[in-house]
Amino acid sequence: QVQLVESGGGSVQPGGSLRLSCAASITIFSFNVMGWYRQAPGKERELVATITSDSTTNYADSVKGRFTISRGPVRNTVYLQMSTLKPEDTAVYYCKGSDHRGMDFWGKGTLVTVSS
């Protein structure tokens, strides 16, 4: 069973930075797309950023210019560098990997809290 594990969440003041990491338990194949999603209290889960196997990236308008998604050196790892964090970035951040069949695999999430 494929598992994705996120790490790097925590509490930070507005304007601060955090780096999230996600690693999959399997490296036999590569996910075609990996991405980060988030869910704030009382809200639906939303896309933050995605990156394809050829490193094409896509960002939500709300994080453009502040967040950067990248793939790690180890297969099926992905990072999310978050800068200039705002209180509205507070959410549980989830990692997702999509394989060549279109099957999605999710991590359990890591909490990011932005507060003064």
Read through the list (1) within 14 Å of S17 (Cα to Cα); (2) within 12 Å of the chain's Cα centre (by Cα); (3) touching a residue at least 24 places away in the same chain (Cβ under 8 Å), then give the number of the only condition that V114 fails. (2)
Determine whether K64 is more than 16 Å from K86 (Cα to Cα) and assigned to a loop (DSSP other than H, G, I, E, B). no
Per the list (1) closer than 13 Å to R38 by Cα; (2) out of contact with any Cys (no Cβ under 9 Å at 6 or more places or on another chain); (3) open to solvent by less than 80 Å² (accessible area, probe 1.4 Å), residue check on E88 breaks on (3)
Need pairs with beta-carbon distance below 8 Å; first residue polar (S, T, N, Q) and within the stretch 48-63, second in a loop (DSSP other than H, G, I, E, B); sequence gap 6+ or separate chains. T52/N32; S53/S30; S53/F31; S53/N32
Taking the stretch 70-111 and keeping only residues that are closer than 10 Å to C22 by Cβ and among the aliphatic types (A, V, I, L, M), one is left with V78, L80
Those residues of the stretch 67-93 which are assigned to a strand (DSSP E or B) and of a type outside the set (G, A, S), in sequence order: F67, T68, I69, R71, T77, V78, Y79, L80, Q81, M82, V92, Y93
Could you tell me whether the stretch 97-108 includes any residue that is modelled with pLDDT of 95 or more, closer than 20 Å to G15 by Cβ and either among the basic types (K, R) or open to solvent by 10 Å² or more (accessible area, probe 1.4 Å) (or both)? no
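V78 - would you say it is open to solvent by less than 60 Å² (accessible area, probe 1.4 Å) and either under 15 Å from the mean Cα position of the chain (by Cα) or not charged (D, E, K, R) (or both)? Break it down into steps so the answer makes sense when it comes.
On the way: open to solvent by less than 60 Å² (accessible area, probe 1.4 Å): yes; either under 15 Å from the mean Cα position of the chain (by Cα) or not charged (D, E, K, R) (or both): yes.
Here the answer is yes, as V78 does meet what is asked.
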If you take the residues in the stretch 15-32 that are at pLDDT below 95 and in a loop (DSSP other than H, G, I, E, B), which one is most open to solvent (accessible area, probe 1.4 Å)? I28
Just the residues that are crowded, with 17+ Cβ neighbours inside 10 Å and assigned to a loop (DSSP other than H, G, I, E, B), please, taken from the stretch 47-60. none
Test of understanding: among K96, K43, which residue is charged (D, E, K, R) and part of a strand (DSSP E or B)? K96
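Determine which member of the set G8, G35 is open to solvent by less than 30 Å² (accessible area, probe 1.4 Å) and of a type outside the set (A, V, I, L, M, F, W, C).
Unique residue meeting the criteria: G35.
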Conditions: (1) touching a residue at least 12 places away in the same chain (Cβ under 8 Å); (2) open to solvent by 40 Å² or more (accessible area, probe 1.4 Å). E44 meets all but one. Number of the miss? (1)
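The values are calculated or read from the model by the stated rules, or taken from the named source; none is laboratory data. Just so it is clear, the structure is predicted and the values come from calculations on it, not from any experiment. Here Cβ is always computed from backbone atoms with ideal geometry, including for glycine, and neighbour counts include all displayed protein chains. These accessible areas exclude ligands, DNA and RNA; they are computed on the full protein's heavy atoms, side chains included. Shrake-Rupley method; radii C 1.70, N 1.55, O 1.52, S 1.80 Å.
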